[in-house]
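Structure, as structure tokens:
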Amino acid sequence: MEKTHQPIGKEDEELIKIGISKADTESIASSTPSHNEQADEDAKIPIDESTFVPTRTLYVLRHNLFSTSTKIIDITSQTEVRYSGGEISDELRDAARWLTKDESRTANPIYQLQRKHWWNSTSTMTGATTLGVELASWKHPGMSFGKAEISFPENSSHGTHGLTMAPVKWYRRTNEWVQDSVVYTWRCNSKFKANRMTLLKELGGKKVVVARYAQRWGSWVTGGVLLIDNKEIDEVAAVLTCCVMLKRMQQRAAERTKYTGGGGGGGGD
């Protein structure tokens, strides 16, 4: 039977409050230490953005913390605006979002994440080309700083072993995992906002960009455009780990409201 998340105790409440005050998502002075840490890390292992040439343009449709289904559609080569390097431009982000107004597109997702009830912690990922066949399973923690566990079916082409995705430190937004002895890292591009993210792959003493994500604003409702170089990372892994990051964003919004009385933003894609 699916386990539901248990209420947290007073000790955990205090931990959450401290974490919220330090989290990168907040545009406050206390977020500075984690960004200093990030700058130190980048100085040790440089990031090469020049090699990123996305092969796929996907869109994660709007969803929230209580959604039982998350759909991802393929809009490769369908946007009027093309990616021109660096962060995803507002123009590309908005052009991609415009395509989601077409119900014929949104009704035919290339990937879908499904869970039985909103309180279930485990979601199953399926694909359009293998209807009903599980591509991966994702078990998510009850709090934003917990470990997410991803598993693949036996003989899967998407992963030979399970993945554990976790914040590099409990108060950091940056998440990493190891797949086939390679370290991958999802990080937010700004200490003020979480609406733009970059996926890095550590390779040969440097880090290269293998995916980028952008949404308009908000954290209660998430959804946006996802660019992937599927020559450098498995597409299913990139999509699923991006959704883990979005779930954490939603959780932080809820935690801020519950434990500090602050808002978490709205809007979404």
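Points to keep in mind about this one:
- Meets criteria (over 21 Å from I228 (Cβ atoms) and either of a type in the set (A, V, I, L, M) or assigned to a loop (DSSP other than H, G, I, E, B) (or both)) for E149: no
- As for segment 181-194, it holds at least one residue that is among the aliphatic types (A, V, I, L, M) and closer than 20 Å to L92 by Cα.
- Test result for E80, more than 19 Å from A238 (Cβ to Cβ), more than 20 Å from the chain's Cα centre (by Cα), outside any loop (DSSP other than H, G, I, E, B) and not polar (S, T, N, Q): no
- Members of segment 67-97 that are on the phi < 0 side of the Ramachandran plot, out of contact with any helix residue (DSSP H, G or I) (no Cβ under 9 Å at 6 or more places or on another chain) and loosely packed, with under 12 Cβ neighbours inside 10 Å: D90
- Selected residue [farther than 20 Å from L199 by Cβ and assigned to a strand (DSSP E or B)] from T70, T57, T130, T126: T126
- Residue in segment 116-124 that is surrounded by 15 or more Cβ atoms within 10 Å (Cβ to Cβ), over 17 Å from the mean Cα position of the chain (by Cα) and within 30 Å of H161 (Cβ to Cβ) present: yes
- Members of segment 233-269 found to be among the charged types (D, E, K, R), outside any helix (DSSP H, G or I) and either at pLDDT below 90 or farther than 28 Å from D48 by Cα (or both), listed by number: D269
- Subset of segment 103-152 [in contact with a helix residue (DSSP H, G or I) (Cβ under 7 Å, 6 or more places away or on another chain) and under 23 Å from V178 (Cα atoms)]: Y111, L113, M125, L135, A136, W138, H140, M143, S144, F145, A148, I150
- K201, sole failed condition from (1) more than 17 Å from W138 (Cβ to Cβ); (2) touching a residue at least 40 places away in the same chain (Cβ under 8 Å); (3) surrounded by fewer than 22 Cβ atoms within 10 Å (Cβ to Cβ): (2)
The values are calculated or read from the model by the stated rules, or taken from the named source; none is laboratory data. Since this is a predicted model, take the numbers as computed values, not measurements. With ideal geometry, Cβ positions are generated from the backbone for all residues, glycine too; neighbour counts draw on all protein chains shown.
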